[in-house]
1. Right, residue 487: open to solvent by 40 Å² or more (accessible area, probe 1.4 Å) and within 16 Å of the ligand (Cβ to nearest atom) or not?
2. Do we have any residue at all in the range 274-281 that's in the same structural domain as residue 170 (by TED's automatic domain parsing), open to solvent by 60 Å² or more (accessible area, probe 1.4 Å) and within 30 Å of residue 421 (Cβ to Cβ)?
3. Working carefully through the options 86, 40, 45, find the one that is on the phi < 0 side of the Ramachandran plot, surrounded by fewer than 18 Cβ atoms within 10 Å (Cβ to Cβ) and not acidic (Asp, Glu).
4. Please count how many residues of the range 65-76 are part of a loop (DSSP other than H, G, I, E, B), surrounded by 19 or more Cβ atoms within 10 Å (Cβ to Cβ) and not small (Gly, Ala, Ser).
5. Filter the range 62-107 for residues that are modelled with pLDDT of 95 or more and acidic (Asp, Glu) and give the result.
6. Only one of 467, 427 is open to solvent by 70 Å² or more (accessible area, probe 1.4 Å) and under 17 Å from residue 589 (Cα atoms). Can you tell me which?
7. Does the range 27-34 include one or more residues that are under 27 Å from residue 168 (Cα atoms), at pLDDT 95 or above, in contact with a strand residue (DSSP E or B) (Cβ under 9 Å, 6 or more places away or on another chain) and assigned to a loop (DSSP other than H, G, I, E, B)?
8. Look through 417, 485, 451 and report the one residue that is touching a residue at least 40 places away in the same chain (Cβ under 8 Å), of a type in the set (A, V, I, L, M, F, W, C) and within 25 Å of residue 515 (Cβ to Cβ).
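The values are calculated or read from the model by the stated rules, or taken from the named source; none is laboratory data. Quick caveat, the model's predicted, so the values are computed rather than measured. So basically every Cβ, Gly included, is an ideal-geometry build from the backbone, and we count neighbours across all protein chains shown. Surface areas here come from the heavy atoms of the whole protein model, side chains and all, with no ligands, DNA or RNA. Shrake-Rupley method; radii C 1.70, N 1.55, O 1.52, S 1.80 Å.
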Amino acid sequence: MCGIVGYIGHREAYPIVLKGLQRLEYRGYDSAGIALFDGSDLKMSKTKGKVADLKARLESEISTDGTVGLGHTRWATHGEPNDVNSHPHYSNSGELVIIHNGIIENYDALKKELKKRGYTFKSDTDTEVLVNLIEDVIKKENVKLGKAVQIALNQTVGAYAIAVFNKSKPDEIVVARLGSPLAIGVGEDEFFVASDASPFIEFTNNAIYLEDGEMAVVRRHKDVRVRKIKDDSLVDPYVQELQLNLEQIEKGGYEHFMLKEIHEQPNAISDTYRGRMLADKGIIRMAGVDDNMERIANAKRIIIVACGTSWHAGLVAEYIFEDIARIPVEVEYASEFRYRNPIISENDVVIAISQSGETADTMAAIKLAKEKGAFAFGVCNVVGSSISRETNAGAYTHAGPEIGVASTKAFTTQITVLTLIALKLGKFKGTISQSDFQFHLQEMERIPEKVKEALKSDNLIQEIAYKYRYAPNCLYLGRGYNFPVALEGALKLKEISYIHAEGYPAAEMKHGPIALIDEQMPVVVIATKKGHYEKVVSNIQEIKSRKGKIIAVVTKGDEEVRELADYVIEVPETIEALTPLLTTIPLQLLSYHIAVMLGKNVDQPRNLAKSVTVE
Ligand code: M6R
């Protein structure tokens, strides 16, 4: 939620900060701003709108000189998205400038106090309060910027990743984090600060990821001093070598990141099981599970906490875990779980699923579960993310960076990891036979090729998208393993095309939603051969007799549904537990093409952001 980027060094800061903002725009895109220091003047330009709007405005408004710069791309929390509420924010004296990702919860009380002391505020933001609080500390306590930031942060409640610059001390930027990510890129005589490493990947492979509760003074020509915000103790920073490369964060010839990421799924899935699964030997190795096997396999219950698409992956996992490992599973929206005084015991295992590893509700749910003695296991995509660090153990999905706001390859790789875990547990517990286990592994190995085949329906899906692009509503139906896929298909359509869509278990239709069906209503039905096929065919009959338009996702070669449906999209055959990895693909493409045909911003849908680090 909001992207921050900063540079201090020997190069022109503007192009670095601007490019960095473009790469971080997935984190928020309702306004943007940049501040630059050219050795004597601190200049700023900011605007409601996207980074492209900022570029147009900034270059006609201020000079772009300067070797220090701070930039921000915003997803509004406090104060509507407008020019004034955009970041950066100056302090009252104009000496300090700040960028902030997060929320200062007690900003109102702090603001009242500062007003009494004569401070004035231009914006409605919590961030402007923070920068003035820092200024007030400098004046009152006569301390340097680093110390002032520390004292001020110890008076705040909330979450933040901040970068602050003081024009009277132009050789340093002070950064701090609590609950929002912050990486420092360490170059030759230059430093970068950013919400993730993408803004500086072409300049350096060395990065320091601040831990929660840490701050750093980044000093030009010198070093990075890291401290604990609470007690001022010095921390020896760990400089990590990044595995990220530029290609991974660029569109690679695709029109949108979402389309690129949909097509990356064959590789993302095989990257996720490669090195873990030896199909011919019948082995799965996952350190996070192996090292904690007794604890996880003997769990009285597995509780899965997640949000959005990750929650849908959790629902698929519920079927797999119960089916294969015979462990009872509950799947919870993290935001509900954390606020309803859940009953959790030391015998429970809580699995948090999160692409970003930064989702605030999922993070809070994990903390709560740990406090109550449960074992916390993380399934995250972003290496080193907050949730991956907070959990007792975990397994990464190796999807690579997912930049499109609509989650695609994260979903299928989450299912891949969760399937491997279920199979491992099932084997350990003896709830799956060796031959069945081996068969699952062999079938998993065939999935990337089958995903490639599913992607070949793209032309047909474009035709379907064209036909139904103006439909105001759409229903998605599935049963068993494919019920969560129906939910996921509906979410994809809603979030990028703004068409109202609902996912339902197909059998639930007759308990209400069937009343919605008329000749205008497209109904996407997942009707693969494995899993309640005959029942789903009956559901299709029910829709047809009410004149609904049927778009069916079927197993290759199916003739029965073809007779009934308006459109049929084929996916290759596989075992039931793995069908979600294939049936999801046409639904992703369908929503993508409809959104493109409607002229929507596919990668940055309105009101959304890639990682939701606020409650
Ligand atoms: O990073 P996370 O997986 O924790 O994110 C959870 C949701 O915010 C996310 O899946 C969201 O629903 C996506 N925009 C869906 O495409």
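1. Judged against the criteria, residue 487 is not a match.
2. No, the range 274-281 has no match at all.
3. From the options 86, 40, 45, the qualifying one is 40.
4. Residues that pass the stated criteria total 2.
5. Answer for the range 62-107, where residues must be modelled with pLDDT of 95 or more and acidic (Asp, Glu): 65, 95.
6. 467
7. no
8. The unique qualifying residue is 485.
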